[in-house]
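Comments concern the structure below.
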Amino acid sequence: MTYTTRIKEEISKIEVNESEKICELSGYLRFAANIKENITITLENASVARKIYTSIKEIFGIRPQITIRNQRRFRIKQIYILEIKEKVKHIIEFLNLMEGKKKILPNEYFLTNKEEKIAYLRGVFLAVGTINDPASSGYHLEIVTDMNREAVFITQLFKDLGIVAKHIKRNSKYMVYIKNAEVIGDIIKMFQATSAYFYFEDIRIYRDHKNMVNRLNNCEIANQEKAIGAGLKQLEDIKYLKEQDLYSLLDDSTKIVLEYREKYPESSLKELADIISMETDYKIGKSGVNHHFIKVKNLIKKYQKD
């Protein structure tokens with residue numbers, strides 16, 4: 001079972017009030033139904049099929065005809081076909097659907113509050129929405145539509161709920177998508193798929209923690225490489241001082257620092273300061289060690305200039 005299927009099964013089991021049920025059904029039929037003389041809905045998820053069947057029966061008082069077929073492409077799975085032959089014109093008008101070409105639902109018909117907008121989007125997601133399993137790939141929610149104005153309308157509905165979604169054309173379809181992990185988690189929670197939400201958040205927290213640890217490790221490695229590089233350059237400066245008979249010009253405290261640099265070439269300035277303070281009577285900090293190496297560089301520059 002895919003993660004999207006898990007979410008849809010959980011959504012299909014929640015209880016909603018009458019107005020939300022109408023908005024949910026309207027969103028689903030607009031994007032999943034084939035509307036001609038009859039209204040035909042083809043589904044692969046038994047739980048969603050049961051929900052749509054129940055909603056139609058409760059709202060319009062009719063029982064859609066059910067056909068179950070076994071599909072044998074790659075693996076055997078059941079396909080559920082719901083066909084509405086009664087009150088077709090009334091259903092189209094009541095849910096603001098148009099025969100053949102679909103019409104975008106004006107806000108004044110339904111969607112007068114936040115709960116109804118969420119219900120409509122929930123129906124759309126049940127019809128044509130997907131969310132990647134966060135454990136197997138990146139974070140990605142998408143809703144695929146046939147027409148650009150449908151994609152614009154869905155994007156606007158998300159915006160009304162304070163959610164930023166984008167839409168693009170992909171081949172002959174239009175896709176509304178969101179890649180922000182926190183926002184996708186909020187949408188799953190908004191759709192009341194509680195179990196799927198906790199799973200998503202557990203994976204997200206684990207991945208964020210893992211990424212943070214990796215970043216810290218990378219920073220530590222980078223700092224270590226930087227310290228080693230600086231130490232090697234300082235050893236070259238010490239060697240140069242000795243070759244040019246400049247070492248004797250240094251004061252005793254600087255000579256102590258250089259002596260310990262030669263003993264501990266890979267230590268950072270902070271580590272070097274701690275070692276010197278521990279092993280000698282000369283108490284010094286990181287900035288003090290750095291000050292001595294600046295004196296060395298200045299001496300070399302002066303010598304080379306002269």
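The single condition among (1) surrounded by 12 or more Cβ atoms within 10 Å (Cβ to Cβ); (2) assigned to a strand (DSSP E or B); (3) out of contact with any strand residue (DSSP E or B) (no Cβ under 6 Å at 6 or more places or on another chain) that K169 does not meet is (1). Scan region 230-249 and give yes if some residue there is touching a Ser or Thr at 6+ places or on another chain (Cβ under 9 Å), of a type in the set (V, I, T) and surrounded by 13 or more Cβ atoms within 10 Å (Cβ to Cβ), otherwise no. No, region 230-249 contains no residue that is touching a Ser or Thr at 6+ places or on another chain (Cβ under 9 Å), of a type in the set (V, I, T) and surrounded by 13 or more Cβ atoms within 10 Å (Cβ to Cβ). Is it the case, given these coordinates, that K36 is in contact (Cβ under 8 Å) with a residue 12 or more places away in the chain, closer than 21 Å to E150 by Cβ and surrounded by fewer than 17 Cβ atoms within 10 Å (Cβ to Cβ)? Here the answer is yes, as K36 does meet what is asked.
Inside region 289-304, residues that are under 15 Å from Q234 (Cα atoms) and either surrounded by 12 or more Cβ atoms within 10 Å (Cβ to Cβ) or not assigned by TED's automatic domain parsing to the domain that holds K242 (or both) make up a count of 10.
Filtered by the rule that a residue be modelled with pLDDT of 75 or more and over 14 Å from A33 (Cβ atoms), region 90-116 gives H90, E93, L111, T112, N113, K114, E115, E116. Among helices (runs of 4 or more DSSP H) entirely within region 173-287, having at least 2 residues that are modelled with pLDDT under 90, under 26 Å from the mean Cα position of the chain (by Cα) and closer than 30 Å to I131 by Cα singles out 194-243.
Among the residues of region 174-193, is there at least one that is loosely packed, with under 14 Cβ neighbours inside 10 Å, free of Cβ contacts under 8 Å to residues at least 60 places away in the same chain and outside the structural domain of F153 (by TED's automatic domain parsing)? For region 174-193, residues loosely packed, with under 14 Cβ neighbours inside 10 Å, free of Cβ contacts under 8 Å to residues at least 60 places away in the same chain and outside the structural domain of F153 (by TED's automatic domain parsing): absent.
Residues of region 195-215 that are among the small types (G, A, S) and surrounded by 15 or more Cβ atoms within 10 Å (Cβ to Cβ): A196 alone.
The values are calculated or read from the model by the stated rules, or taken from the named source; none is laboratory data. Values in this document were obtained by computation on a predicted structure and should not be read as measured data. As a convention, Cβ positions derive from the backbone with ideal geometry for all residues, glycine included, and neighbour counts pool all protein chains shown.
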